[in-house]
Each structure stands twice: as C-alpha cells, then as structure tokens.
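The values are calculated or read from the model by the stated rules, or taken from the named source; none is laboratory data. The structure displayed is predicted, hence computed values, not measured ones. When we count neighbours, we look across all protein chains shown, and the Cβ atoms used for this are built from the backbone with ideal geometry, even at glycine.
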Amino acid sequence: MRSDADGAATELSGVWADLIGQWRAVAVLRRAVDGAEHAMTHAWLITGPPGSGRSTAAKAFAAALQCQWHGCGECQDCRTVLAGSHPDVTLVRTEKLSIGVDQIRELARRSAMTPRMRKWQVLVIEDADRITDYGANALLKSIEEPPPRTVWILCAPSSEDVIPTIRSRCRELRLVSPTDAAVAQLLISRDGVNPELAYEVARIAGGHVGKARGLARDLVARQAREALLKLPTQLDSVGACLQAAADIVAKSESEVKAEVAALNTRERAETEALYTAAKGGARSREAQSALKRLDEEQKAREKRLQRDRLDSALTELTTWYRDVLALQLGAVTIPPTAADLASDSDSDTDTEPPAAVAIINLSAYADLTAAAAATTPERTIASLDAILQARRAIESNVAPLLALEAMMLTLGGQ
Ligand SMILES: [Zn+2]
C-alpha cells in the first residue's frame, strides 16, 4: 500500500495515532507491515525512555500486522489486539519482578502455533528487561529459528537492559521522547484538555505522554504535586524538616498499600484455590510454603513500589531547585503569565505563551523568584546534591525515612 517513507509529512492515523513524535519509528514499522522487501524481521526490540510509548508502539505494530488495512484502528482485528483479546496476539505484562523460564517456555510454545486467523502469531513482552537468565535461554531458540509466521516484539528502556544474547538477535527500534509541544498538542486535540493546562502538564511530565495525560485528568495528583513543591519554602526548623520527611514516607506507604490491596488479595485467593483443587488441600505443607513465598514476593513488590514513588517525588522536587538555579544564574528569561502578574509587584509586562520558557514550574513562579533571591547558587547546588544522594541511598536500600531526614535537613539549611 504505502511505500512513501517520508514520515514527517504524513499524518499519524489509525493505530499509530498516539505515537506522537515517533515518525521515524512508525515509518519503519509501516514498511514492515506493508511487506516491503527485507523490512520484516521476526524479532524486534523496541526501546525508548519511560513514557515514550514502547508498549503503545508494540501494540500498534501487532494490530497493524493483523489488520487487513494495515492498522486502520477500527476493524475487529485492530480493536481486539489493542484490547488484548486477539487470539493470535499474546501480550505479556508482569507485575512481578522477573519473567521466569516457565513463563517463557509457555510463550515459546505459543509462538510455534499456527495463527488462527492465518496472519501472524505475535508475542509482545512489555518488560523484556525483567527476563531472567534461564528465561533468556529458553527464549533464544525460539527467536533464532522462529516459525515463518511468528513475530516477537520485546520492549525495554534501552538495549543494555536486555540480556546480550537476546539483544543481538533482535532488530532494535528506538523511540525518542516527544517534545513538550507535541505532548500538549495531543492532550488538546485528543483529550480535549484546555491549552493552558495541557502545556503545564506537558512541561512537568517532560516528554512522558502517559504522565502528562494522567496529571491532566487527575486534579488530586496535581494538588499533591503542588503541595510537594511548597515544601522547600516550609523547611524553617529542624522539627519542620523531620516532619516533612515523615509525611512523605507515610504518604508513599499508604498509597502503595491502597494500590496493591486488591491485587494481593486476588493473588492469595488464586494460590489457595490452586492447592484446594489439588490433593494436598490449602493446609498442606506445599500450600503453606507457596503462600509464604507469595507473601515475600508481595512484600518485595510493595517495597519496590514505595521506593519508586519516593524516587518520583524526589525527581519532582529536583525540578523546583533546578528552576531556582536557572533563575539565579539568569539562564532563562521569564515572561510572566497572568497568574504570576497578580502576585508580582513590578511589571515589565510582555505576556508570551509559557512554551518559550525553560522554567518547568511556571505556576510557582512567585515562590521560585523569592527563593532565588533569598539563597545563592551554591546552596541550590548543595540542595540538588542532597536530593540526588537521598535518591541513591533509597535505591541502595537505605531506610527511606533516614535518607529523607538527612536530605530535608540539608534543604532547610539546618
Ligand atoms: Zn484494522
């Protein structure tokens, strides 16, 4: 059908519509779908920074391969692939920490099956960076000698995250971070977000489409972020610093507990059901040890999720100090927005759209300028260092509260 490869001018439509800023990647996938000579490969590795749309691209590709019109987005094939219910497309998403050999063997078995709808047998692994070494060995053969109608699509943040033997047998397709403007445009045109909010969340999300969309939809999340960015102005005593650390840790803990509660219960019920059905019964030794293992896995997952949450809170906090530093160094000129003017006394007014500005937290402009005037660049750099240290400490399993207390004391200059 389409043989024009000049992606940039082509409107992204059908299953590709959400892949903003990914013209090049989409052009490659379209050529493969169209069956251009040498364009098809049986093992793909889609890489790209978080939020660039790896799994969106994988699913769009899978849908386009099954669709009679190469990815119209509306037919039965397209819709079922995107919904995860197409008989010839297996989507693997895991909430576990790793993808083990049993799961990979099952996939390899599937990969050898003739596609029921006579097109392609597609297997998508969203977190290929979590495949264990044994899993990778099991996958290897299937990727090396795939049946003629089988396509593997693996996704990972970067090719270095994937075991080398697997990586070397896949064709890598790199996605890029879309620009803030592209993200904002998508939110405006597809989700009906008002332009001011769209640009604000796009700037905050820094190229992460899902995060921008989530923020645009979620007033509570935006308020939580605003509250977090008030913190730097409130750390005026040792007590306030320690309280701030305790609050952040407690909040992340309760959020994660709420997030996984239903999942934990379901997994436990499934495990119990498995052993009730078997001879031993739910009270047998095997059942008890399986439940104990599950319990440990769930605890590890909670811990990881909590650390992820803390890390993203600290990343948000970093944007505040980064903005302060930019102001202190005069690295940006800030056209005040309407909201800023209300809280700003002197006015050289020249209201431009905020898109031209490198400041991320424009809505906190008054606080930022006050902070920039009240401290020195050296102190701001020390604050940025303190946050980075806390992130590293948390990543290397230091107790979160301890890491955050030390950080807050530095931020507060205590
Ligand atoms: Zn279709």
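Scanning region 185-210 for residues that are over 29 Å from residue 125 (Cα atoms) and small (Gly, Ala, Ser) returns 189, 192, 198.
The single condition among (1) modelled with pLDDT of 90 or more; (2) surrounded by fewer than 16 Cβ atoms within 10 Å (Cβ to Cβ); (3) within 30 Å of residue 267 (Cα to Cα) that residue 286 does not meet is (1). Does residue 162 qualify as being under 13 Å from residue 90 (Cβ atoms) and among the aliphatic types (A, V, I, L, M)? No; evaluated as a whole, the condition is false for this residue. Answer yes if at least one residue in region 280-301 is among the hydroxyl-bearing types (Ser, Thr, Tyr), farther than 30 Å from residue 375 by Cβ and part of a helix (DSSP H, G or I), and no otherwise. For region 280-301, residues among the hydroxyl-bearing types (Ser, Thr, Tyr), farther than 30 Å from residue 375 by Cβ and part of a helix (DSSP H, G or I): present.
For every residue, the table says whether it meets (1) not assigned by TED's automatic domain parsing to the domain that holds residue 112; (2) not charged (D, E, K, R).
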{"residue": "157", "(1), (2)": "no, yes"}
{"residue": "196", "(1), (2)": "yes, no"}
{"residue": "211", "(1), (2)": "yes, no"}
{"residue": "214", "(1), (2)": "yes, yes"}
{"residue": "222", "(1), (2)": "yes, no"}
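When residue 315 is tested against (1) within 31 Å of the chain's Cα centre (by Cα); (2) buried (at least 16 other Cβ atoms within 10 Å of the Cβ), just one condition goes unmet, and that condition is (2). Of the residues making up region 229-241, those that are surrounded by fewer than 18 Cβ atoms within 10 Å (Cβ to Cβ) and either among the acidic types (Asp, Glu) or touching a residue at least 24 places away in the same chain (Cβ under 8 Å) (or both) number 6.
Considering only region 56-74, state which residues are crowded, with 17+ Cβ neighbours inside 10 Å and either within 11 Å of the ligand (Cβ to nearest atom) or among the hydroxyl-bearing types (Ser, Thr, Tyr) (or both).
Initial filter on region 56-74 (crowded, with 17+ Cβ neighbours inside 10 Å): 56-67, 70-71, 73.
Correct list: 56, 60, 63, 64, 65, 66, 67, 70, 71, 73.
Close Cβ contacts (under 7 Å, 6 or more residues apart or on different chains) running from residues in region 65-86 that are without any contact (Cβ under 8 Å) to a residue 40 or more places away in the chain and assigned by TED's automatic domain parsing to the domain that holds residue 117 to residues that are more than 10 Å from the ligand (Cβ to nearest atom) and part of a loop (DSSP other than H, G, I, E, B) comprise 80/86.
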